[in-house]
Structure formats: C-alpha cells, structure tokens
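See below for the structure under consideration.
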Amino acid sequence: MSRRLNNGYCIPLIGLGIHKLVHAEEIRQVVKLAIDAGYRHFDCAWIYGTEAAVAKAIHEKIKEGVITREDVYITTKVWNNYHQRKDVVEKLRESLQEMKLCYVDLYLIHWPLGFKVSANSLPLNEGHSAYSDVDYVETWRGMEDCVYLGYTRSIGLANFNSEQINRILKNANIIPTVNHIEVHPRLNQKKMIQFCAQRNILVTGYCPLGINEMSGVPNFPEPTICDEKIDEIARKHHKTAAQVVLNYLISLGICVVTRCSNQFRIREHIDIFDFQLDPQDVEYLDSCNRNQRICAFSAFVDHKYYPFRLEF
Ligand SMILES: NC(=O)c1ccc[n+]([C@@H]2O[C@H](COP(=O)([O-])OP(=O)(O)OC[C@H]3O[C@@H](n4cnc5c(N)ncnc54)[C@H](OP(=O)(O)O)[C@@H]3O)[C@@H](O)[C@H]2O)c1
C-alpha cells in the first residue's frame with residue numbers, strides 16, 4: 001500500500017524508522033526481519049549513524065533474491081551543519097558511499113535551522129555562536145542539485161512550518177514532495193496536513209505512537225496506546241491499541257514511520273490494513289488531540305529559523 005507523490009513516484013504507507021537502534025548487528029537483524037514482514041520503506045538520516053547498517057541488510061536481502069533495489073524505498077536526511085548548497089550535495093554523496101547505493105528514493109532537509117559546520121552536531125550549550133544563518137532556500141538549491149545529479153529521486157522537507165513551506169514554494173524549481181513531521185493522536189496535525197494537501201505535498205508522520213522517550217517532556221499526556229478507551233476499540237476490532245492508532249493516522253491521509261525493535265511488534269505495525277474504524281472510534285481519537293509536541297527541539301527556540309513558533 002502506497003501513496004503517489006507529486007512527481008509520480010510512490011512511497012509505501014508504513015516505514016520503519018531506524019533511529020536509536022545503536023548496534024549495527026541489531027539494526028541488520030531488525031531490517032531483515034522487517035523486509036520478511038513486508039516493510040519496503042526505511043527511514044534513515046545522516047545524524048542517526050545507521051545508514052550503512054540499514055543498507056547492508058537491504059543488500060543482503062537483494063542478494064538472497066527476496067527483493068530488488070526497486071522494491072525498497074530508502075529515505076535519508078541532510079543534517080543541520082550542512083545547509084550550504086555545496087555541502088548538501090557532498091553529504092548525500094557520502095551517504096550513498098556509506099550505503100553502497102547509486103541513489104536514494106527521498107532526501108530531506110532534517111530541520112529548517114542550520115548550525116555552523118564547525119559546531120557540534122547537537123550544540124546544546126553553545127548558544128548563537130553555533131548557529132549558521134544559511135537560508136534554507138539555499139539548502140533547497142542543493143537538494144535540487146541532488147535530483148539533477150541523479151543522487152535522489154525525490155526531495156522534501158522535515159519539521160518545516162507553513163510559512164517556511166510557502167517560502168520554499170515561492171523559490172523552488174522542484175516542489176517538495178513531503179513534509180516529515182511529528183504526528184500522533186496527541187498532535188494530529190490536521191491543519192498542517194490540509195495545508196500540505198492543498199499544495200500537493202504529502203505529510204509523513206514520525207513518533208506515531210507518541211511515546212515520550214525522545215525528550216522526556218514534563219507533563220506530557222500519556223500515549224494513546226495506553227488509553228483504556230483505545231484498548232476497548234482495539235478489542236472490538238480484534239487488533240492492538242498500536243494498530244488502531246496507526247490505522248487512524250493513515251486515515252488522515254499521511255504515511256507513517258514507526259520505530260520498533262521487537263519482532264512481534266514489527267509484524268503488528270504493518271498489519272493494519274484489514275479493518276476500518278467506526279465513526280465513533282475516529283471521533284474519540286480526534287478528541288485525544290492536545291497539540292502537544294514530543295520533539296520540540298526547544299534548545300534551539302532562539303534560532304532565526306526555529307519552526308514551532310507558529311500554530312502550524
Ligand atoms: N525527522 C525528525 O526530526 C524525526 C524525529 C523523531 C523521529 N523521526 C523518525 O521517526 C521514527 C519513529 O519515531 P519514534 O522512534 O520517535 O517513535 P515511535 O515509533 O512512535 O515510538 C518508538 C518507541 O515505541 C516503542 N514501541 C513500538 N511499538 C510499541 C508498542 N506496540 N507498544 C509499546 N511500545 C512500542 C519502541 O520500542 P521497541 O523498539 O522496544 O519496540 C520505541 O521505544 C524514528 O525512528 C525516525 O526515523 C524523525
């Protein structure tokens with residue numbers, strides 16, 4: 001099951017995010033298991049440091065004759081230190097070498113805000129001296145270069161707000177295919193999804209289960225997969241709470257990337273297409289929205305291009 005992007009390529013509805021699975025061997029096992037379970041979409045990023053291990057597993061499955069390169073959809077992202085046009089191209093060239101690939105399917109600007117090349121990759125205590133003021137429109141030029149060079153089939157944005165998207169659209173030769181943002185029932189992003197749909201941009205949702213382990217935001221509401229009412233809905237459909245949540249998110253018209261290292265849950269998360277939620281189930285899930293972010297990147301709130309000062 002997939003959605004068609006504005007450039008004609010299709011992206012599978014469910015992806016596996018390979019973030020924080022730190023051991024290369026564990027990543028390899030998880031990716032191989034996921035391919036056997038039916039996953040064809042893998043969400044990587046330079047900053048995760050997992051590109052090589054993910055690609056190794058994919059190459060092994062290609063060698064075994066289980067899949068071809070054309071069957072899998074591989075995303076990676078350029079990190080904030082490399083927002084200059086020439087660096088964007090160079091970093092993708094490096095990622096391709098790491099992955100032993102000729103092209104990726106989707107390349108994203110990980111965040112609209114940039115850091116200096118000389119700064120740490122996560123300059124938490126360095127203040128303004130670590131920030132670069134490279135305009136993300138320049139970064140987009142580099143992304144377009146990557147398409148012209150054949151290094152990626154599609155390009156897109158991540159964590160951009162509506163004004164930043166409009167600025168990209170005003171200046172772009174190639175329209176972004178996706179905006180990759182946090183989406184879960186506590187932050188259902190309906191306004192952003194509609195805004196993007198009107199511009200023929202697809203939303204891909206990360207942190208779909210809304211588990212607050214990334215940043216430990218104080219007072220963050222309990223994830224909906226622990227909600228008794230969602231559990232009741234799940235039992236009615238002979239599914240799990242996670243399957244109900246993922247089915248709901250897909251019904252919003254988006255793709256999702258989940259992260260999971262547990263073999264049973266990996267299978268569970270892709271087995272969500274054989275049931276339909278009732279209108280009252282959807283109404284309840286809609287009511288869980290609190291517009292509350294897990295991944296607010298709030299250490300960088302004073303950056304000129306910090307994206308989350310607007311409603312969406
Ligand atoms: N672009 C960005 O800025 C950005 C930011 C954050 C994330 N992402 C992407 O999105 C992906 C997914 O986001 P995420 O990792 O934050 O969130 P997630 O998929 O919502 O949650 C992952 C966590 O939930 C646990 N889990 C999975 N299924 C579960 C279940 N059925 N019941 C209970 N716990 C369950 C996993 O543990 P187990 O491993 O034990 O299953 C893992 O600890 C990332 O890997 C990354 O690729 C992108």
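The values are calculated or read from the model by the stated rules, or taken from the named source; none is laboratory data. Bear in mind that the values here come from a model prediction, so they are computed numbers and not experimental data. Cβ coordinates were reconstructed from backbone atoms using ideal geometry, including for glycine residues, and neighbour counts include every protein chain displayed. Remember, those area values only see protein heavy atoms, side chains included, never the ligands or the DNA or RNA. Shrake-Rupley method; radii C 1.70, N 1.55, O 1.52, S 1.80 Å.
Just for helices (runs of 4 or more DSSP H) wholly inside segment 209-284: which have at least 3 residues that are over 19 Å from Ala34 (Cα atoms), open to solvent by less than 70 Å² (accessible area, probe 1.4 Å) and within 15 Å of the ligand (Cβ to nearest atom)? Give the steps one after another, and end with the answer.
Details: elements: 228-236, 241-251, 263-270.
Passing ranges, in order: 228-236, 241-251.
Only one residue in Val72, Val22 is at negative phi, free of Cβ contacts under 8 Å to residues at least 40 places away in the same chain, open to solvent by 70 Å² or more (accessible area, probe 1.4 Å) and of a type in the set (Val, Ile, Thr), so which one is that?
Result: Val22 is the single residue among Val72, Val22 that is at negative phi, free of Cβ contacts under 8 Å to residues at least 40 places away in the same chain, open to solvent by 70 Å² or more (accessible area, probe 1.4 Å) and of a type in the set (Val, Ile, Thr).
Go through segment 90-104 and report how many residues are open to solvent by 10 Å² or more (accessible area, probe 1.4 Å) and within 16 Å of the ligand (Cβ to nearest atom).
So the answer is 1.
Can you confirm whether segment 171-178 contains a residue that is buried (at least 17 other Cβ atoms within 10 Å of the Cβ), part of a loop (DSSP other than H, G, I, E, B) and within 18 Å of the chain's Cα centre (by Cα)?
yes
Go through segment 194-208 and report how many residues are surrounded by 21 or more Cβ atoms within 10 Å (Cβ to Cβ) and out of contact with any helix residue (DSSP H, G or I) (no Cβ under 8 Å at 6 or more places or on another chain).
Residues meeting the conditions: 3.
Quick one: which strands (runs of 3 or more DSSP E) lie wholly within segment 8-89 and hold at least 3 residues that are within 15 Å of the ligand (Cβ to nearest atom)?
The qualifying strands (runs of 3 or more DSSP E) are 14-17, 41-43, 73-78.
From the list Leu96, Leu101, Leu106, which one is assigned to a loop (DSSP other than H, G, I, E, B), of a type in the set (A, V, I, L, M) and farther than 22 Å from Phe308 by Cα?
Sole residue among the options that is assigned to a loop (DSSP other than H, G, I, E, B), of a type in the set (A, V, I, L, M) and farther than 22 Å from Phe308 by Cα: Leu101.
Pull up segment 285-304, narrow it to residues that are out of contact with any strand residue (DSSP E or B) (no Cβ under 7 Å at 6 or more places or on another chain) and closer than 28 Å to Asn81 by Cα, then point me to the one that is surrounded by the most Cβ atoms within 10 Å (Cβ to Cβ).
If we take residues in segment 285-304 being out of contact with any strand residue (DSSP E or B) (no Cβ under 7 Å at 6 or more places or on another chain) and closer than 28 Å to Asn81 by Cα, then Phe300 is surrounded by the most Cβ atoms within 10 Å (Cβ to Cβ).
Of the conditions (1) in contact (Cβ under 8 Å) with a residue 24 or more places away in the chain; (2) over 30 Å from Gly8 (Cβ atoms); (3) surrounded by fewer than 16 Cβ atoms within 10 Å (Cβ to Cβ), Ser132 fails just one. Which one is it?
It is condition (3) that Ser132 fails.
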